[in-house]
Every structure is written in structure tokens, then in C-alpha cells.
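Notes for the one structure printed next.
Computed from the coordinates by the stated procedures, all read-outs in this text should not be read as laboratory data. Everything numeric here is computed off the predicted structure, so don't read it as measured data. Here the Cβ is made from the backbone with ideal geometry for all residues, glycine too, and neighbour counts use every protein chain on show.
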């Protein structure tokens with residue numbers, strides 16, 4: 001326990017509160033993107049509909065299920081260490097990392113197909129006609145939002161790997177597992193961000 | 001929530017909501033409801049996986065503050081563009 005805390009519970013509560021404060025500003029960070037989507041969709045409804053029809057719904061839906069499952073596996077690991085089972089926590093961490101990597105790989109395939117189909121805003125944008133401008137704005141939102149989310153995923157995978165490494169060292173026990181819980185908050189939050197982006201990108205403007 | 005069964009129920013519930021979200025948008029042609037399903041899923045993740053109910057009052061305050069300012073951002077930010085009436089101004093030529 002660090003000297004500035006009155007008890008181990010006080011230290012754990014401060015760590016958890018700090019992560020919630022960080023997540024509160026992350027809500028506003030991604031909230032600005034949602035605001036941009038609502039504003040631009042209202043201004044260019046036909047363009048957004050056209051663009052949404054070209055988004056890869058299959059990959060997006062599979063990725064949503066993958067991410068939901070990864071939150072489930074990490075929380076299962078947290079429950080395991082709270083019962084004093086570090087081995088189960090390590091297994092849960094690697095399952096979570098595996099699912100995170102699957103998500104990123106599928107996202108990469110989706111980006112690759114999008115670029116191949118000419119769905120990159122600019123002079124060579126493949127969707128032509130009167131709604132092309134709105135569709136290009138949609139794809140600006142799409143790339144900014146999904147790249148930012150993927151960066152959060154990469155950071156999350158690094159954090160889960162760190163938890164697995166510390167668990168292997170024997171740092172966590174039934175009595176103390178605060179870092180596992182803090183990283184779990186971050187990982188599930190990244191899941192919540194995707195649950196917000198998924199309908200906006202693939203469904204809401206259909 | 002604590003223990004395996006509630007966690008499993010939450011995960012299955014999330015996948016069912018995902019199926020309903022897809023079904024409502026593609027089969028019932030109600031794409032606007034997709035965001036409502038997304039919000040319901042987010043609430044389940046916050047309750048079951050982020051275990052907000054086990055948190056201290058300070059964590060609740062930070063979580064609620066994030067949600068409050070998000071509502072302010074979206075509501076006030078969109079108030080003008082969503083309620084503005086576009087008036088068509090007819091050109092009558094330059095009076096001078």
C-alpha cells in the first residue's frame with residue numbers, strides 16, 4: 001500500500017475512481033464524434049443512406065459479437081482472480097487478447113475492401129451522383145471513428161497482456177486485484193464505444 | 001452482479017439484443033431503433049461487466065457526470081441545426 005492512503009480499500013477506491021474520471025472524459029471525446037454524425041446525417045440524409053448501404057454489415061456484426069464476447073471473457077477472468085484462481089485469469093486474458101486481435105484483423109480486412117472499392121473520400125471516390133458529397137462526409141466519419149476505436153483496442157490489448165504477465169508473476173490474489181478491475185473497466189468501455197458506433201455506421205441511416 | 005450465472009445471462013442477452021438490432025433494421029425496416037438497441041446493450045455492459053453498482057459514490061458521480069455532459073453536448077449542440085427552418089429567399093434582381 002502506498003503511504004498516501006489510509007487503507008488498502010482507500011487505495012483501490014482511488015484507482016477505480018481515477019479510471020472512471022478518465023472514462024468520463026473519454027465519453028465526451030467520442031461524444032463529439034456522435035454529435036458530428038447526427039449533425040451531418042441531418043444535413044445529408046440521402047448521402048448517409050447511400051454510404052451506409054456500402055458499409056460491410058457482415059464484418060461489422062461479427063465484430064460486435066466478438067467484442068461483446070471479449071468483455072465477457074475478461075470479466076470472467078476478474079471473477080476467477082476474486083476467487084483466488086490466477087491460472088484462470090491468465091487463460092481469460094489470452095482469450096480476450098485473441099478476440100481483440102480477431103476484431104482488429106476483421107477491421108483490417110474491412111478497411112482493405114473499402115479502399116479497394118474506392119470508398120475513400122477524395123477525387124477518386126467511387127460513389128457518384130448528387131449524394132456523393134454526403135457519402136464522402138460519412139466515410140470521413142467512418143475512418144476517423146474506426147481508427148480511433150482501433151487505437152483504443154491496441155492500447156487495451158497491451159494492458160490485458162500486462163495483466164496476464166503480472167498474474168503469471170503472482171502479483172494478484174483473492175485479496176488484491178485492483179489493476180485487473182481497472183483494466184476491465186477500460187476494456188468494457190471500448191466495447192461500449194463500439195456498441196455506439198456500430199448502429200451509426202451500419203444500420204441507423206439505412 | 002457477482003458470480004458466473006449473471007455474467008453468462010448478460011452475455012447471452014447482449015447477443016440476443018444484437019440479433020434484434022439487426023432484425024429490426026433489416027427485416028422490419030426500422031433502422032432508427034438500432035441506436036436504442038445499442039444503448040440497451042451499453043447499459044448491460046456497464047451494469048454486468050463494468051459492475052457500476054458495486055462502485056463507490058465517487059465512481060457513480062464521475063460516471064453520471066460523463067453521461068450528463070454527453071447529453072448537454074448532444075442536446076445543445078444539435079438544438080439549432082435540428083430545429084432551424086430554412087427559408088427560401090427569392091431573388092428579385094438588384095434594385096439599384
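Couple of notes before you dig in:
- Peptides ranked, highest mean first, by Cβ atoms within 10 Å: ranges A:177-184, A:26-33: A:177-184, A:26-33
- Over chain B, dividing the summed -39,500 (n - 2.57) contributions of all DSSP H runs of at least 4 residues by the number of residues returns a 222 nm mean residue ellipticity of -22000 deg cm²/dmol.
- With contacts taken as Cα pairs under 8 Å at a separation of at least 6 residues, segment B:1-53 carries a relative contact order of 40 percent.
- A helix-only calculation puts chain A at -28000 deg cm²/dmol for mean residue ellipticity at 222 nm, using -39500 (n - 2.57) for each DSSP H run of at least four residues, averaged over all residues.
- Degrees separating the helix A:45-54 axis from the principal Cα axis of chain A, which is the longest one: 70 degrees
- For the peptide B:9-15, the mean number of other protein chain Cβ atoms found within 10 angstrom of a residue's Cβ is 4.
- Helix B:57-83 axis, angle to chain B major axis (alpha carbon atoms, nearest 10°): 20 degrees
- For residues of B:71-83, the mean tally of beta carbons on other chains within 10 Å: 3
- Helix A:132-168 vs. chain A, principal-axis angle (Cα, 0 to 90°, nearest 10): 20 degrees
- Counting every other Cβ atom within 10 Å of each residue's Cβ, A:3, A:141 order from fewest to most as A:3, A:141.
- The share of Cα pairs per 5 Å bin across segment B:1-53, counted from zero up to the longest distance, runs 5, 22, 26, 20, 13, 9, 5, 1 percent.
- Between segment B:32-96 and segment A:46-92, the alpha-carbon center distance in angstrom: 24 Å
- The reciprocal of the average 1/r between distinct C-alpha atoms defines the Kirkwood hydrodynamic radius, which for the protein assembly as shown equals 20.9 Å.
- Other protein chain Cβ atoms within 10 Å, averaged over every residue that makes up B:31-39: 6
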